[in-house]
């Protein structure tokens, strides 16, 4: 027989109830094992083990947990799902949700990535949390800007703006679904994007490769005439970086945009 809500709540001991209520009062819906020890001392490990077994607490990763809200019901942790962006925001200190994840959030890409991309200033290996993959892209301080707060599951989450998202994906197309996906996003959303702001982001990031890839994409998709002003006074660097970073470094050299075109962008293929 399935327990009713009263029976489920009644499963808490005094110590378990004390830990849950104390963390809740401290607005720690997500908390670390160190914070649990700060409340319970050496009893924290035993109490936490019991709370997890009773499904009042959901383990997110080693040492990081979420309190299951009361309104989830008798299923407890089995019925509780935190949005991937919220989880991503808790896995590293300086961060913003970006790249392909932000492309999809802003409606610039219809493709839903299976990995959540988190921009950060720290080096961190990819990890799996509750069956989802999280990839961390380390950025230098000069590239770590251009994000704002959104609300997700009643929590504040940092996410890159649409224009910074595009600039980041042109900087690292391998984290934006590949250069073809980035080009498709620009082609179908250029009317909603502030292209001058994308240029400003590129200059602030001090990476002209972003403008090389942007110029090439605008050129081959027939949009360059509307945005040729972006490149007035811009002297492209002498090197020939690859257009895409998911393809072998071989192909033809484009002297106009100073790129190694190692993959093709064909907008006709996007129409089907």
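The values are calculated or read from the model by the stated rules, or taken from the named source; none is laboratory data. If you're wondering where the values come from, they're calculated on a predicted model, not measured in any experiment. Methodologically, a virtual Cβ is constructed for each residue, glycine included, from the backbone with ideal geometry; neighbour enumeration extends over all protein chains shown.
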- [ ] Would you mind telling me which numbered condition in (1) touching a residue at least 60 places away in the same chain (Cβ under 8 Å); (2) under 20 Å from residue 246 (Cα atoms); (3) buried (at least 21 other Cβ atoms within 10 Å of the Cβ) residue 116 fails?
- [x] (1)
Task: Test result for residue 200, surrounded by fewer than 21 Cβ atoms within 10 Å (Cβ to Cβ), touching a helix residue (DSSP H, G or I) at 6+ places or on another chain (Cβ under 9 Å) and in a loop (DSSP other than H, G, I, E, B) - done: no
TODO: Read through the list (1) outside any loop (DSSP other than H, G, I, E, B); (2) in contact (Cβ under 8 Å) with a residue 60 or more places away in the chain; (3) surrounded by fewer than 22 Cβ atoms within 10 Å (Cβ to Cβ), then give the number of the only condition that residue 183 fails.
DONE: (3)
Task: Options 36, 24: the member that is at pLDDT 90 or above, surrounded by 14 or more Cβ atoms within 10 Å (Cβ to Cβ) and in contact with a strand residue (DSSP E or B) (Cβ under 9 Å, 6 or more places away or on another chain) - done: 36
TODO: Out of the residues in the stretch 143-161 that are assigned to a strand (DSSP E or B) and at pLDDT below 95, state the one that is surrounded by the fewest Cβ atoms within 10 Å (Cβ to Cβ).
DONE: 151
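If a residue has to be under 14 Å from residue 217 (Cα atoms) and within 28 Å of the chain's Cα centre (by Cα) to count, how many in the stretch 240-258 make the cut?
Kept after step one, since they are under 14 Å from residue 217 (Cα atoms), are these residues of the stretch 240-258: 242-244, 254, 256-258.
This time we only want the ones that are within 28 Å of the chain's Cα centre (by Cα), so: 242-244.
Of the residues in that region, 3 qualify.
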Task: Single condition residue 50 does not satisfy, out of (1) closer than 30 Å to residue 205 by Cβ; (2) in contact (Cβ under 8 Å) with a residue 12 or more places away in the chain - done: (1)
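Of all strands (runs of 3 or more DSSP E) completely enclosed by the stretch 56-142, which ones contain at least 1 residues that are modelled with pLDDT of 95 or more? Quick ask: steps written out before the conclusion?
Working: elements: 57-61, 64-67, 95-97, 115-120, 127-129, 132-138.
The qualifying strands (runs of 3 or more DSSP E) are 95-97, 115-120, 132-138.
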Task: Top-ranked residue of the stretch 8-19 - restricted to ones that are closer than 13 Å to residue 55 by Cβ and assigned to a helix (DSSP H, G or I), ranked as modelled with the highest pLDDT - done: 16
Open item on the list: Looking at the stretch 207-227, can you tell me whether even one residue there is touching a strand residue (DSSP E or B) at 6+ places or on another chain (Cβ under 7 Å) and not in a helix (DSSP H, G or I)?
Closed with: no
